[in-house]
Each structure stands twice: as structure tokens, then as C-alpha cells.
1. List pairs: first in the range 1-12 and farther than 20 Å from Arg44 by Cβ, second aromatic (Phe, Trp, Tyr) and surrounded by 11 or more Cβ atoms within 10 Å (Cβ to Cβ), Cβ under 9 Å, 6+ apart or cross-chain?
2. Please work out if Lys291 is at pLDDT below 95 and charged (D, E, K, R).
3. Given the conditions (1) within 26 Å of His137 (Cβ to Cβ); (2) free of Cβ contacts under 8 Å to residues at least 24 places away in the same chain, and given that Gly118 satisfies all but one, which numbered condition is not satisfied?
4. Within the range 198-209, is there a residue that is hydroxyl-bearing (Ser, Thr, Tyr) and not assigned by TED's automatic domain parsing to the domain that holds Lys253?
5. Can you name every residue in the range 257-312 that is within 19 Å of Cys208 (Cβ to Cβ) and among the small types (Gly, Ala, Ser)?
6. Yes or no: the range 81-103 includes at least one residue that is modelled with pLDDT under 95 and touching a Cys at 6+ places or on another chain (Cβ under 8 Å).
7. Within the bounds of the range 167-180, is there any residue that is within 26 Å of Asp273 (Cβ to Cβ), surrounded by fewer than 16 Cβ atoms within 10 Å (Cβ to Cβ) and not assigned by TED's automatic domain parsing to the domain that holds Tyr252?
Amino acid sequence: MSAETRQCQNCHNPFIIEPEDFAFYEKMQVPPPTWCPQCRLQRRLAFLNIFNLYKRPCNLCKKEIISIFRPGAPYVVYCPKCWWSDNWDPFEYGRDYDFSRPFLEQFKELWQTTPVLGISIDIPTLETSPYTSHTGHLKNCYLIFHADNDEDCTYGFYVNDCKSTLDSSLIISSELCYDVMHSYHNSRCVGTRSQVTESIDCAFLKDCMNCQHCFASANLRNKKHYIFNKPYSKEQYFEELKKWDLGSYKDYKEAQKLAEAHWKTLPPKPHMDEFTVNCSGSHVFQSKNCKECFEVMGVEDSKYLLMMYDPPIKDC
């Protein structure tokens, strides 16, 4: 079967279905899509409340809970303990399909009367990290979202296998970090951006790997004691660093501003990926044969994925 160009039924722009896509849909026993990949992603995200939390009663036990559904939302909302319990029977909500009425109208009615899970969270996690959503295996965490296996982490999105992080997002296997993004295997780092990996005691780095005691630099590999991409001796480095009191928010923001201006003087990395073969998208790591994937690691032979990091991930 050859590739086909079809028109998206939502945005009306053309999109291509490749021969291997048809084979995948046949394997999964589903029809080919009628919407383009971008509209399909928007449709999935439209069903996902990521950051908003509300206090409301559970409709079964009547206790006040933290939920992704606002009070007054047209749903029957159960807390996780009730929803996973045997205290209600989902088969009680079954009904016959009326072929004389529109399907979506009937589906909406079913959805609004069948109990929904008030918040996606591990029940043991609920005891020490109630103000989180789409999370599991947490201890003493607060306002982190899409997170797993974390301890003492606060204010973040897509935080996984981390300990003692604050104001950090898209961060994996890191500890004692503040204000970092796209961080992997880092410790005691602040203000880093855009793919900093396996670094220790660094501040305001961009696209650096395996660095120690580096400040306001970019594109470094296996370096120690660099400031604004210039090498210093160990003694000179710590003496120069005394000029910056990062405990002062004013000095912190000033240093951040200078670092960002310095980053612009250096060539940016054209593709945000490492150890990938035949992949497109951005921030794709240790993957093979992936098309239009974003924020993924350990993925093979897959397309149109977002935020998946726990391999094996194959044929998705």
C-alpha cells in the first residue's frame, strides 16, 4: 500500500498517512485517522485538566476532596478511595443504545451520570502529597503534575525520579535543583535550560553535559570551573563566584539575565536529541525510528508521542 494524502476533517489541511501507518492500524484493528496529527493532539489535550485543582465533596463518601473537577461540574465525582472500591457497581449505569438519537448526545448523558475519578493519583500518595495530579509514588510533594517516583519536590511539571527539587519542569533523575528545565541526572544545579545532563554544582547552563562547577555558560562538554565559557583555575573560579550572591533574588535574576544574553552569542544546538537514530521531533533521547515525538526516552518504531520516558516503549 502506498502513502495517501488526506484532508483533515477538523482543520481541513492535508496530512499524509504512510504505508507503515496503514499496517499499524490494521494490526490494531482500528480505521485510519480522519484528523491530522496536530488536531488529534489538541483533541486529546482538550480532555486533560493538567494544572487546576479544586476542593469539592466526593459524591459517594461526602468527604471534602481535592479534585480536577470544579464544584458544580456536571459529573458524579468520586475520590480515589471510593472510585477504586467495591462500594459501587459500574454495571448499574449501563443502558440501551437508542438508534434514533445522536451517538454523542447519548454518550454525554452516560458520561455525566457514571462516576468519574476525581483525581488521578496513587492512593498511598494521597496521604502525604494531596495537592498533586496525574502522579504516583510520591512522598512529601506539593503542586507537581505529571510526576512519578519523587520525594520532597514542589512546583513542577513532568517531574520523574527526583528528590528535593523546586520550580523545575521536564526534569528526570535529578536532586537538589531549583529553576531548571530539561534536566537529566543533575545534582545541585540552578537556572539551567535546554538539555543539561549529568552535571553537578552548576548555575545558568544551557545545553551542557558532564560539567562541574560551571557558571553562565553554554555548549560545554566534560568541563570544570568555567564562567561565561572561559576556563578558570579552581581557586580563581571560587574567588570569581563570590561576586554573585545567588541567595539574593535580585542578584539571581541579574545573573540569569546576563547568562541568557551570553547564550545568544553562541551557536544553538540544531536538534535537541542524544543517542537517536532516524528520529524527528524534539528532546528525543536513546530512541530509534521515531517520527514527530517530543519529550521521550527509550522509544522505538513509534510516531506522534508526547512525554514518555519509561522504556521499553515500542510500536506506539
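The values are calculated or read from the model by the stated rules, or taken from the named source; none is laboratory data. Source: prediction; values computed, not measured. Neighbour counts run over all protein chains shown; Cβ positions are idealised from the backbone, glycine included.
1. Taking only residues 6 or more apart or on different chains, the pairs are Met1/Phe22; Ala3/Phe22; Glu4/Phe22; Thr5/Phe15; Gln7/Phe15.
2. yes
3. (2)
4. Scanning the range 198-209 turns up no residue that is hydroxyl-bearing (Ser, Thr, Tyr) and not assigned by TED's automatic domain parsing to the domain that holds Lys253.
5. Ala259, Ala261, Ser282
6. Yes, the range 81-103 has at least one match.
7. There is at least one residue in the range 167-180 that is within 26 Å of Asp273 (Cβ to Cβ), surrounded by fewer than 16 Cβ atoms within 10 Å (Cβ to Cβ) and not assigned by TED's automatic domain parsing to the domain that holds Tyr252.
Listed here are the residues, each with its yes/no results for (1) under 30 Å from Glu20 (Cβ atoms); (2) part of a strand (DSSP E or B).
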residue	(1), (2)
Cys214	no, yes
Glu235	no, no
Glu239	no, no
Leu246	no, no
Ala255	no, no
Ala259	no, no
Cys290	yes, yes
Cys293	yes, yes
Asp301	yes, yes
